[in-house]
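Please read the structure below before turning to the comments.
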Amino acid sequence: MSIQDLEKIFQDKIDNEIKIEPKDWMPEAYRKTNIRQISQHAHSEVVGMLPEGNWISRAPSLKRKAILIAKVQDEAGHGLYLYSSAETLGSSRDEMIAHLLSGKAKYSSIFNYPTLTWADMGAVGWLVDGAAILNQVMLCRTSYGPYARAMVRICKEESFHQRQGFESLLVLSRGTAEQKAMCQDAINRWWWPSLMMFGPKDSESTNSDQSMKWKIKRKTNDELRQQFVDMIAEQIKVLGMKLPDADLKWNEERKHYDFGEINWDEFWQVVKGNGPCNKQRLAARNKAHDDGEWVREAAIAYAEKKKQPKTQAA
Amino acid sequence: MNNRFFRKFYYGDIPEDNAGGNMEVAKAGNAHAWPLWEVFVRSKQGLDHKHVGSLHAADATMAIENARDVYTRRQEGVSIWVVESKFITASNPDEAGELYEPAADKIYRHPTFYELPDEVGHM
């Protein structure tokens, strides 16, 4: 069969909402795009444990500590689901980890911001996970089967993350003047970076939109961002807090919230490695990896030893 | 400037040529890599084990323990099977046509093929 025929069969499947599975023929660019996207997503889950890990030992109560540990454990699991699905495309786990550790592979820039106060745990859950969920809900319908299945599993678990974050902020918003101020401060610092999570504006692209045609992605950056703003602008009323955007206003004509301009210079700086915590995050991952080396080796040595037939003593 | 790049990309898909950090590829390929295992979970008594995903582990015991932590954190299972991925033989999707075609024209294998009078009732 010619490559054109194969490509046509492939695109027909996509158009008819038939999922692509690991052993199916697929264009090389489709494979590569998926590997890049899924592994970046996996790295984001793994690095995403670091800003929250910072607060496990400082959580204000045993309940909050248990919740935070459960959430961080979930992120590790999410990373694993995603690495596994990228592996089905022929990328090895070692290779992906190596790319993360060397700084070649990217992860979501949001995790290069510091978590300065306890209220940040609430803001991260509500805003950062909230933004991630919108993307992930869309990805439940992505065209690559293993990625879509990993997303379904992740979405089921992720909603606890967002709810616990909001609830944690709700408690602060009903607390002392100091607690309220802490809540507002965290929202102020996390709002704009959360909006940046959706990536550059659609209008900045001149390329044809291959990811949409292949249904790897099913909504544009701006669509998802607008959905997020509309959701948060309503929810913040319950908290009695304010979003740090003077231009935020309901637009009756569009039936959406208008919002202010994002600082794209900051966005690109963080993407390029110059965010507040880029170096710290990578150093922490590298240290964890190096410190775990002997454990990985000991485990495999033990497994090999057990495999050897037992020699009978005379 | 916000139009420094004219490449479309999405959240979770940042082009690598735009990466920070050093661009050297660290040495991959680890001789001591743990093998890959496929995980099957029975969600409750009376139901089949169902494939839920995969993971790396040094041996079967560790694979079960990791599967417990990764796939049953919310009581999703009462029993776990693991098998090293290399032992699974899969059918080839390119041969799906020939493989399943013989079943396509045997509609008499389905109960709805037979028309019976209403008096027979449920059968």
For the range A:240-287, which GluC sites (Glu not before Pro) pass both filters: DSSP loop (anything but H, G, I, E, B) and at most 14 other C-beta atoms within 10 Å? A:252, A:253, A:261
Express in whole angstrom the spacing between the alpha-carbon centres of the range B:57-123 and the range A:104-136. 38
With every protein chain in place, what's the accessible area of residue A:134 (1.4 Å probe, Å², nearest 10)? 20
Average the reciprocal distances over every distinct pair of alpha-carbons in the range A:33-83, invert the result, and give the Kirkwood radius in Å. 11.5
Can you classify the range A:158-227 as rounded, prolate or oblate using the Cα gyration tensor, where a ≥ b ≥ c are the square roots of its eigenvalues, rounded means a/c under 1.5, and otherwise it's prolate if a/b beats b/c and oblate if not? prolate
If I histogram all Cα-Cα distances within chain A using bins 20 Å wide from 0, what percent of pairs lands in each bin? 29, 54, 15, 2, 0
Please get the size of the charge dipole for the protein assembly as shown, origin at its Cα centre, with Cβ charges of +1 on Lys and Arg and -1 on Asp and Glu, quoted in debye to the nearest 20. 1380
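From the alpha carbon gyration tensor of the range A:29-158, can you work out the equivalent ellipsoid semi-axes (sqrt of 5 times each eigenvalue) and give them in Å, largest to smallest?
Equivalent-ellipsoid dimensions as semi-axes: 27, 16, 12 Å.
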Members of A:307/B:86; A:71/A:255; A:213/B:50 lying beyond 25 Å, as alpha-carbon distances in this model show: A:71/A:255; A:213/B:50
Ignoring ligands, DNA and RNA, what percent of the 1.4 Å accessible area of chain A is carbon and sulfur? 56
Under the Karplus relation 6.51 cos²θ - 1.76 cosθ + 1.60, θ = phi - 60°, what is the ordered set of whole-Hz ³J(HN,Hα) values for the range B:111-123, x standing for Gly and Pro? x, 5, 5, 9, 9, 10, x, 4, 4, 5, x, 6, 9
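Given Cβ point charges of +1 (Lys, Arg) and -1 (Asp, Glu) and nothing else, what value in debye, to the nearest 20, does the dipole of the range A:53-199 about its Cα centre take?
240
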Which residue, chosen from A:275, B:61, A:59, occupies the Cα position most advanced towards the positive end of the dipole of the protein assembly as shown, where the dipole is computed from +1 (Lys, Arg) and -1 (Asp, Glu) charges on Cβ about the Cα centre? A:59
Averaged over residues of A:99-112, the number of beta carbons from other chains lying within 10 Å of each residue's Cβ is 4
What accessible surface, in Å², does a 1.4 Å probe find on residue B:108, ignoring ligands, DNA and RNA and rounding to the nearest 10? 110
Environment charge of residue B:61, counting only residues whose C-beta is closer than 15 Å and scoring Lys/Arg +1, Asp/Glu -1: -1
Where chain A is the region considered: accessible area per residue in Å², 1.4 Å probe: 46
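The values are calculated or read from the model by the stated rules, or taken from the named source; none is laboratory data. Note that this is a predicted model, so its numbers are computed, not measured. Ideal geometry is used to build each Cβ from the backbone, glycine not excepted, and the neighbour counts take in all protein chains shown. Heads up: the accessible areas ignore ligands, DNA and RNA and are worked out on the full protein's heavy atoms, side chains in. Shrake-Rupley method; radii C 1.70, N 1.55, O 1.52, S 1.80 Å.
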